[in-house]
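Since every read-out is calculated from the coordinates, none of them should be taken as a lab result. Predicted model only: the values in this text are computed from it and were never measured. Cβ placement follows ideal geometry from the backbone for every residue including glycine, while neighbour counts extend to all protein chains displayed.
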Amino acid sequence: MPADIHQVASGGFYIFQKVTELLGRKLRKDVTYRSVPLDDARSSMIANGISASFTEALIETPASFNRQERWALDTPTSENTTRTTFKQWAAESFAASILA
């Protein structure tokens, strides 16, 4: 990892259903996580203007989680991990920037 880029881990682990629920609540919208076959997701993203390379990155990241692969280069420590949970971030930062 380049010296000027620092990885930051967050407090807590969340499944996609919970992330969707938290973001939807903060957007004041009823949203539901829906799993789709990877080929359908890939085709839809590319059809909607996302580049093929970025689409592959978006698909590969969660796929690596499902394979139990370690994708982060740094072991979480007190120096590179925030105590902020995803729920806190969604409430404090995400909602404030989207609903402003």
Fill in: Nearest-0.05 FRET efficiency for T85 and T32, computed from C-beta distance (R0 25 Å)
0.70
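Explain nothing, just the number: dipole magnitude of region 9-98 about its Cα centre with +1 on each Lys and Arg Cβ and -1 on each Asp and Glu Cβ, in debye rounded to the nearest 20. Please report the intermediate quantities before stating the final value.
Working: 11 positive and 10 negative charges, 88 e Å.
Approximately 420 debye in magnitude.
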Worksheet entry | P(r), alpha carbons of region 9-98 - 10 Å bins starting at zero, rounded % | 14, 33, 42, 11, 0
Response to the item:
Other residues with Cβ under 15 Å from the Cβ of S51 give, with Lys and Arg +1 and Asp and Glu -1, a net charge of -1
Fill in: Inter-site label distance for E56 and V19 at 7 Å from Cα along Cβ, in nm
2.1
